[in-house]
Structure formats: structure tokens, C-alpha cells
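To start, the structure under review is shown below, and the notes come after it.
Please treat every number below as a calculation from the coordinates, not as lab data. Note that this is a predicted model, so its numbers are computed, not measured. Positions of Cβ are backbone-derived with ideal geometry, glycine not excepted, and every protein chain shown enters the neighbour counts.
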Amino acid sequence: MTITQLEYIVALADLQSFSKAADYCCVSQPSLSMQVQKLEDELNMTLFNRKAKPLEPTLEAREILAKARIILSESKSILSLTKGWSTQVTGNLAIGVIPTIAPYLMPRFLADFQLKYPNLTISVSETTTENIKHEIAEGRIDIGILVTPLNSNLIEIPLYYEELFLYSNVWEDDGSKLSATLDPTKLWLLEEGHCLSNQINSICNLNAGARISNSLTYQTGSLETIVRMADLGFGQTIIPQMFVDYLDNKSKEKVHPLPKPTPIREVSLVHAKSYSRKAIINALKLEILAHIPMQWQSIADRTIIPI
């Protein structure tokens, strides 16, 4: 068994094609096929269902592929040390960001980060916390930008602490003005699996799953959609500070502080213990903090809401 063989089977699993995997690995298709077959012979196991279109791993191969990704991640860590990559901001960087952070944080700093480090090729994927944790463990993602703490074996580097606010389009009983009081029966939530929904559940003791009445359920991972539904349905939702900054002045009139102690979410860089490119981690952290208000970087008089 060789590192090269492990690289080939991981590429096959990802690209689901011998020809695409061969192109990705910069080898001929017969050479890649031969090495995969050698590994299968050594393991006495069929790793891929070649009759499936597209190609897919066998059930028995899935655990082997997971281990292969870990081994490849560790080998890259060793290479980064021996080649001095740990002190350079070059090469490739895969970042995973959750949907309630990505649209509001990434535009703040990403263009400047690219200009500052032109030799760093960056790919960004937007998905849930659980997916990012899984892909970091498999070596598909290098660094996540997530709400923490996660209670996992990943390294967490806190960046900032973002206040949560009530967005209310619910009128007072006398119709005099919009209510600034949280009413759990009028609350719209993001679908299950999104950490902001979990935090709202902690604040309000609610179950996740957007709803405004027993007759309507709307599953979405978009804050913009939830706010629009609250507007149209005379409802409420809870939004983070960074989203507030994107609202127009009329919409900002519907934003109210939540009862003290002020609820906040902690946003952190997250990576595997084996990820050793400390220069990239530090550069990314400093660039983000340069575009974040100083007061967000303190937790004073505020309470982290668990996810």
C-alpha cells in the first residue's frame, strides 16, 4: 500500500470516473487503473463498483476511504513542515463557511485577502456545521469558519462575538406600533441543522423548523428568506449583528435588542489538529479581524448562546 495508491482511490471516489481521476492525478488512465487494482488485490477487496454509472465506492470501501483521507492529510502535514510551507501563505486553501456567516463576512475581507496573498489559491464552500466538521476530518476542507464551541476534537480559534437581535414585524395589540417583545408563537426559524436555529432554541426553548402557525411549515437555510417571510406573515425571527448591517433603514426599524444578558454567538476559525500551516491560519485570522469592529472582539457583559 502506498500514498500514491491512496491518492488514486480518493480521487476516484471524489470524481467518480477513472478518466477524470487520472487527469486530476496527472497520470494515464491505465496506470491509475493498475495501481487501484494492485491495492484491491493487496486488500483482497473490491473498492469500486465499476458497473455503476457514475462510478461509486463499494459499501466496504467507505471506511477505508475515510482512513485514506486522514492518512493523506497527515502526509500533507509532514510535507508542509519539510518544505517550509508552514511559514508560507502559498498553495491551496479550502475554507468551509456556514450560510448564516458566509454572505455577510466573506465579502468584508476576501478580496483584500486575495490581493495580499496572490500565490494562495482559495476555494470557499458554504454548508452546514456538521458537513464542515466531517470534511475537515476527511481532509477535504482545511479551515472552517463556524459558530463555536463545538465540543469536538477540532482546534477552535475565536475571532469575534456577534450579538443576536430580534427582528419583529408583529404589531402591538392596539396596533399603535411594532412590538419589540419576543413572541415565540410568531417566530420563524431556520431549518434543523443550522446552528442559529439551535441557538434560538436555547433562547426560546423551541424546536427548530420554520413555522408561524400549525398550518404552515417553511424549511430554509437562508436568513434573507426567513426575514422576508416574517415581513409578509407578520412574524418575528432572530438575526445576527452582521446581517443587521445589510438591512435598509426601514427594515432596521424592526430590529430590537433581546433581553439581557445580551445573547451572542462566538465565531471561530476551526481546523484539524494535523493542519500545520500556521502562517495561513494566522494570516486569515488577522485579515478577518482587520475588517471586524473592535468591540465585537470582546465578550464583556455578554453571554454566549450554546449551539
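Here are some notes:
- Relative to the current alpha-carbon distance between Ser75 and Cys26, full extension at 0.36 nm per residue lengthens the span by 15.7 nm.
- Each peptide in 159-166, 285-292 was scored by the mean count of other Cβ atoms within 10 Å over its residues; highest first, the order is 159-166, 285-292.
- Base-10 log of normalised Debye intensity for the stretch 261-307 (one unit scatterer per alpha-carbon) at q = 0.17, 0.26, 0.28, 0.29 Å⁻¹: -0.66, -1.00, -1.05, -1.07
- Helix-derived mean residue ellipticity, 222 nm - over the chain, DSSP H n ≥ 4, -39500 (n - 2.57), to 500: -12500 deg cm²/dmol
- Stokes-Einstein translational diffusion, the stretch 3-82 - Kirkwood Rh over all Cα pairs, 1.567 mPa s, 4 °C, in µm²/s: 101
- Ordering of 230-240, 29-39 by packing is 230-240, 29-39, highest average first (other Cβ atoms within 10 Å, averaged per residue).
- Principal-axis analysis of the Cα atoms of the chain puts helix 195-204 at an angle of about 30° to the longest axis.
- FRET efficiency for Arg228 and Asp14, using Cβ-Cβ distance with R0 set to 41 Å, rounded to 0.05: 0.70
- Relative contact order %, the chain, counting alpha carbon pairs below 8 Å whose residues are six or more apart: 22
- Computed extension length for Asp41-His291: 84.6 nm, one decimal, from 0.36 nm per residue of separation with the Cα-Cα distance subtracted.
- Multiplying the residue separation of Thr303 and Leu178 by 0.36 nm and removing their Cα-Cα distance gives an extension gain of 42.4 nm.
- Å³ per residue enclosed by the Cα convex hull of the stretch 229-292: 145
- When only alpha carbons of the stretch 56-184 are considered, Rg and Dmax amount to 20.7, 71 Å.
- Between the listed residues Thr129, Thr87, Ser17, the Cα displaced farthest toward the positive end of the dipole of the stretch 15-171, a dipole computed from Cβ unit charges relative to the Cα centre, is found at Ser17.
- When Rg and Dmax are taken over the Cα atoms of the chain, they come to 23.2, 77 Å.
- On the beta carbon distance between His256 and Met1, with R0 = 45 Å, the FRET formula returns roughly 0.15.
- Assuming charge only on the beta carbon of Lys and Arg (+1) and of Asp and Glu (-1), the dipole of the chain about its Cα centre is about 540 debye to the nearest 20.
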